[in-house]
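Below is one structure; the comments refer to it alone.
The values are calculated or read from the model by the stated rules, or taken from the named source; none is laboratory data. Everything numeric in this text was worked out from a predicted model, so none of it was measured. In this analysis, Cβ positions are derived from the backbone assuming ideal geometry, glycine residues included, and neighbour counts consider all displayed protein chains. Quick note on the areas: whole protein, heavy atoms, side chains included, nothing else; ligands and nucleic acids left out. Shrake-Rupley method; radii C 1.70, N 1.55, O 1.52, S 1.80 Å.
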Amino acid sequence: MIVAFDVDDTLYRELDYVESGFRAVADAVAAKHAISSEDAYGLLLDSMDRHGRGRQFDDLLRAVDAFSVRRRDALVQVYRRHEPSISLPEGSRHVLDALARAGHRLFVVTDGNHHVQDRKVEALGLRELVEHAYLTGRYGPTAPKPGTRVFELMLRRTGSEPDDLVYVGDNPHKDFVGVRRLGGATIRVRTGAHRTTVAAEGHDADVTIDSVEEVPAVVDQLTARRTAPWSPR
């Protein structure tokens, strides 16, 4: 089987990356303004707790009386270009190792700024564990999920049919509908920001689990179901 994984909030906790980026931004602001790095980091976390993601850099710059669009945009670049301090959880590593030992071909597929996602993939050590990392941002504006372009490339690369494909993700808004239409199987891991999201009709996965560590057992079941000999009822 071809088993492909989403990255953020599927193989690792995406907030680890956010917090790593906040550390880099806090250091950059502390270097130029009368605030310590720890205090700047605390303000970023507090802003996220109170308002959700999206306005943290504005709030920090206003707190040091230095807000401008130019400075905010510069902090966005610090965030995007920083070398992330993140690591792959042992549970995710064991899952990938187990699937590889069972003979499955492994890939990751991840949306977003491809420079940012490339740094994440590198920091997590995923290139040592999978055959290829598909960063959809490298393949044009229609490639991100629910688009299926990179999955089609994956099937062509492996000489496989759509029913050979299993995709594991967390976001029912986009992760599963395209793969299901293509003919692949889908597994939803209830983790991260979308763990309680209610999927729109036709957008949820074929199978829902609570931990990525359950994936090998589900893949075994899907494989057995696919290869079972036909018998009349």
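Things worth noting here:
- Net charge of the neighbourhood of H33, taken over other residues with C-beta under 13 Å away and scored Lys/Arg +1, Asp/Glu -1, is 0.
- Accessible area of the chain divided out per residue, in Å², using a probe of 1.4 angstrom: 51 Å²
- Compared with the dominant Cα axis of the chain, that is its longest principal axis, helix 149-158 is turned about 50°.
- Over the chain, the fraction of Cα-Cα pairs per 5 Å bin, rounded to whole percents and listed from the shortest bin up, is 1, 6, 13, 16, 17, 14, 11, 8, 6, 4, 2, 1, 0, 0, 0, 0.
- Calculated over region 13-57: convex hull of Cα atoms, volume per residue (Å³): 63 Å³
- Compared with the dominant principal axis of the Cα atoms in the chain, helix 90-101 is inclined by about 30°.
- Taking Cα centre as origin and charging only the Cβ of basic (Lys, Arg, +1) and acidic (Asp, Glu, -1) residues, the dipole magnitude of the chain rounds to 700 debye.
- Those chymotrypsin sites (Phe, Trp or Tyr not before Pro) in region 47-153 that DSSP places in a loop and that have at most 16 other beta carbons within 10 Å: F67
- Shape of region 1-127, Cα gyration tensor, a/c cut at 1.5: prolate
- Solvent-free Debye scattering, log10 I(q)/I(0), computed from the Cα coordinates of region 57-140 at q = 0.20, 0.23 Å⁻¹: -0.93, -1.08
- The apolar share of the surface of the chain, taken as the fraction of accessible area on carbon and sulfur atoms (1.4 Å probe, ligands and nucleic acids excluded), comes to 47 percent.
- Global form of region 186-226, assessed from the alpha-carbon gyration tensor, a/c cut-off 1.5: oblate
- The trypsin sites (Lys or Arg not before Pro) found in region 1-58 that occupy coil by DSSP, while having at most 13 further C-beta atoms within 10 Å, are K32, R53.
- Classification of region 27-78 by its C-alpha gyration tensor yields an oblate form. The axis ratio a/c (a ≥ b ≥ c) is 1.5 or more, and b/c is at least a/b.
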